[in-house]
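*Asks:* Okay, here's the structure, questions in a sec.
The values are calculated or read from the model by the stated rules, or taken from the named source; none is laboratory data. Quick caveat: nothing in here was measured; it's all calculated off a predicted structure. Cβ placement follows ideal geometry from the backbone for every residue including glycine, while neighbour counts extend to all protein chains displayed.
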Amino acid sequence: MTVTIRLRMGTQDAHYAGNLVDGARMLALFGDVATELLIRTDGDEGLFRAYEKVEFLAPVFAGDYIEATGRIVETGNTSRKMEFEARKVITLVGPDRGGKAASSADVLDPPIIVCRAIGTCVTPKELKRK
């Protein structure tokens, strides 16, 4: 099973100069994806236990559309090991980057992978409903 969410990074997500989005925002998206995976699998939101690997591969800016996906790759009694990937699917291209206006944007084909991670979540046995 794979879960995907897509949303636009807003100025409230920008943390650094040049409207650069903090990498932790991608981890928050992965947390949302993990929550949906656990609800679909166990009938409960569960708990994020740990990341064993995180790679930030490309910058994300306010205005970019990010698609985050995740899937369960290993299942234990209460643990679920998951792989995550975030891709930039649309990016703004203002006049400084060849666009005609500040609102100019490009659909990226192929999308740009901005972050990958592997993490483990746990659903306590007493909370499992499935």
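*Asks:* If Glu52 satisfies all but one of (1) under 16 Å from Cys115 (Cβ atoms); (2) at pLDDT below 95; (3) loosely packed, with under 14 Cβ neighbours inside 10 Å, what's the number of the condition it fails?
*Replies:* Status for Glu52: all satisfied but (2).
*Asks:* Inside the stretch 91-113, can you point out the residues that are in contact (Cβ under 8 Å) with a residue 40 or more places away in the chain and either in contact with a Gly (Cβ under 9 Å, 6 or more places away or on another chain) or on the phi > 0 side of the Ramachandran plot (or both)?
*Replies:* Filtering the stretch 91-113 down to residues in contact (Cβ under 8 Å) with a residue 40 or more places away in the chain leaves 105, 111-113.
Ala105 - this is the single residue of the stretch 91-113 that is in contact (Cβ under 8 Å) with a residue 40 or more places away in the chain and either in contact with a Gly (Cβ under 9 Å, 6 or more places away or on another chain) or on the phi > 0 side of the Ramachandran plot (or both).
*Asks:* Collect the residues in the stretch 77-130 that are exposed (fewer than 11 other Cβ atoms within 10 Å of the Cβ) and at pLDDT below 95, keeping them in residue-number order.
*Replies:* Matches in the stretch 77-130: Asn77, Pro95, Asp96, Arg97, Gly98, Lys100, Ala101, Ser103, Lys125, Glu126, Arg129, Lys130.
*Asks:* Let me ask another. Go through the stretch 16-47 and give me each residue that's in contact with a strand residue (DSSP E or B) (Cβ under 7 Å, 6 or more places away or on another chain), at pLDDT below 95 and not in a helix (DSSP H, G or I).
*Replies:* Leu20, Asp22, Gly23, Gly46, Leu47
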